[in-house]
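Everything below concerns the one structure shown next.
Laboratory data are not the source of any read-out in this text; all were calculated from the coordinates shown. Note that the structure is predicted; figures quoted are calculated from it, not measured. So basically every Cβ, Gly included, is an ideal-geometry build from the backbone, and we count neighbours across all protein chains shown.
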Amino acid sequence: MRPDKRLLGLLKDTLPDFVQSIAMGVLAALAIIGQAYLISRIIAEVFLYNSMLLDVQYLIGSLAAVSFLRYAASWQSANAGNKTAVFIKTKLRLQLFKHLKQMDTKTIKDERSGEVSNTLLNGVESLDVYFSSYLPQLFLSTLIPVLILFFVFPIDVLSGFVFLLTAPLIPVFMILIGHVANARTQKQWKTLSRMSAFFMDTLQGLTTLKILGRSKEQISHIEQVSEAFRKTTMDVLKIAFISALTLELLATLSTAIIAVEIGLRLLYAEMPFQKALFILILAPEFYQPLRQLGARFHDGMQGLHAAERIFNILNIQGHQTTNASVKKHSFNNQDDIRFEGVHVHYDGNDKPTLNNINLKLQPSETCAVVGSSGSGKSTLINLLLRFFEPDSGSIIIGNQPLEQIDVYQWREQIGWLPQKPYIFNTTLAENLRLVRASATDEEIMQALHLAHLDAFVSDLPLGINTPVGENGARLSGGQKQRLALARLFLRDTKIAVLDEPTANLDANIEREVEESLTQFMQHRTTLYVAHRLHTLRRADQIVVMADGQIVEHGSQSALLQQNGVYKQLFTAYQGSAV
């Protein structure tokens, strides 16, 4: 398995630690050679020359010092390798997060969130063994045997040649087994990625499956996916065990050959005892680096396949929501927002999602957008939030194109309430402080009051410090919606983007919340996606969309005077979903 050039390129910023890992490994090998020499010398002195303890105490002291050096060098080698792996894993994760954060949703919408999550977590983690153990061992498995040969050849040429001829057997068998292992490991990684994506999709859609009565059918599907992964993993383990057995057998046989040829020559007094014992002690150590490389081969291969997917994600091309020429912009109540000839087309769709959109939001105006599902309402919101850029046309804020404004600074000025807000597995207070970390308890209670959630919170034993569970599991649908509304009130921005903020509320609570919303939207520029027509009475301008185009726009009274799409919708669906 050849090292990946892209992975080697990641070593540039942590090269000292990586070099230190190899250098300490070589130092440990030198200490092993020193140990072999001292042990053979002590045994020869005691058993051949009848030396007493006082005669060899300096050799024993030296052996203790060299042994300490060996283990200290081995520890430092492993420590430097771990530092290298941690640095690179952190760097890769930051690169992945930054890249995904900068990519627009239009580009990455086809990526499955479960598979991407698996790559960010398990994929990057798989590189730990690759950088901490496998890659340094790849160098050490070459350097250490050469170093041992450097000491063996001057002592005994025949043993040196036996070492030299038997050593390549282990790499040759690693290569032969590696061809099979490579395909199986790659299959295992792909199966794991597909399983992660499937589990994530199932969990995200579990509520819908339950409503449709199809949740139990997923049990058999999960069993099939899990069984496929189990079989793939067992195939990889079979090869790992077979390769480990093969490498151990080769190393043992090679050591036995050295022992036999040394023993025969020692028997016939053709070789001094100390030199024979020195080489015999070194024989297992000569093959040990190659055995360790074989043991880490499969972990390294798994990291290599994970890296392939990591670099695939980093190579995803598309519109980016940031560029080098961005500027700061502070939105004020005199700035209007204009969509000028905006066109958006998703790959795989025959028709454009938005086609020649021309729309102007006056300062402090509430603009409501209505239309059937798929008419382009959500795409309009995503453009304003800069989740992706238009294919053509532009969005102008005051006199400045939106693409020239720093995306993060722009989003800081927008209060966004999605149709399905996410509630995190933490307390009510921390869920609200996500939008303003410096908010006091009094400000949080005021926001909850505006969302008409304060009475419910006051009855809780821990008040605003009550945990709410993953995605608000301990809250009803209406309570989650009002908590998201409280976030909006607490954020207190000059621009608001709302996607049916009163969804999931009963009639009485909805009327009370609408009063708070009406006050909130005063003196704010608001883009309001409406699904229920009776909520539009607060809108200054109503935009009717169909097939990605604006078919009508104007005030509610003006639209009702026309015999157009909006009047038909208003007549047929008063108070119901559009």
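Each stretch of four or more DSSP H residues adds -39500 (n - 2.57); spread over every residue of the chain, this sum gives -20000 deg cm²/dmol at 222 nm. Distant-in-sequence amide contacts of residue 526, defined by a placed amide H-H separation under 5 Å and a gap of 5 or more residues or a different chain, comprise 365, 366, 367, 496. For the pair residue 547 and residue 173, label points projected 7 Å from Cα toward Cβ lie 7.1 nm apart. Annotation: extensible slack from residue 442 through residue 224 equals 73.2 nm (criterion: 0.36 nm per residue apart, minus Cα-Cα distance). When the C-alpha to C-alpha distance is required to be over 20 Å, the pairs from 12/89; 98/351; 360/494; 12/83 that qualify are 98/351. Between residue 538 and residue 165, the simple label model (points 7 Å from Cα in the Cβ direction) yields a spacing of 9.0 nm. The charge dipole of region 422-492, taken about its Cα centre with unit charges on the Cβ atoms of Lys, Arg (+1), Asp and Glu (-1) only, comes to about 260 debye.
Taking R0 as 41 Å, what's the FRET efficiency between residue 474 and residue 93 from their Cβ-Cβ distance, rounded to 0.05?
Efficiency at R0 = 41 Å is approximately 0.85.
Taking label positions 7 Å along the Cα-Cβ direction at both residue 245 and residue 358, the computed distance is 7.8 nm, reported to one decimal. Counting charges near residue 362 (Lys, Arg +1; Asp, Glu -1) among other residues having Cβ under 9 Å from its Cβ returns a value of -2. Shown is the FRET efficiency for residue 316 and residue 67, computed with R0 = 51 Å from the Cβ-Cβ distance and rounded to the nearest 0.05: 0.45.
Computed about the Cα centre, the dipole magnitude for the chain is approximately 600 debye when only Lys and Arg (+1) and Asp and Glu (-1) carry charge, each at its Cβ. Centre-to-centre, using Cα atoms only, region 14-93 and region 274-311 are separated by 17 Å.
Looking at region 252-304, which GluC sites (Glu not before Pro) are in a loop (DSSP not H, G, I, E or B) and have at most 13 other Cβ atoms within 10 Å?
For GluC sites (Glu not before Pro) across region 252-304 that sit outside H, G, I, E and B with at most 13 neighbouring Cβ atoms in 10 Å, the list reads 270.
If the chain linking residue 48 and residue 519 were pulled fully straight, counting 0.36 nm for each residue of separation and taking away their Cα-Cα distance, it would gain 159.4 nm. Measuring r between the beta carbons of residue 512 and residue 460 and using R0 = 22 Å, the FRET efficiency lands at 0.65.
With contacts taken as Cα pairs under 8 Å at a separation of at least 6 residues, region 422-492 carries a relative contact order of 51 percent.
One chain, two ends: residue 434 and residue 256. Fully extended at 0.36 nm per residue, the span grows by 57.4 nm beyond their Cα-Cα distance. Between 417, 59, 76, the Cα set farthest toward the positive side of the dipole of the chain (charges on each charged residue's Cβ, about the Cα centre) is that of 59. Determine the shape class of the chain: with a ≥ b ≥ c the square roots of the Cα gyration tensor eigenvalues, call it rounded for a/c under 1.5, and otherwise prolate if a/b is greater than b/c, oblate otherwise. Taking the square roots of the gyration eigenvalues as a ≥ b ≥ c, the chain is prolate.
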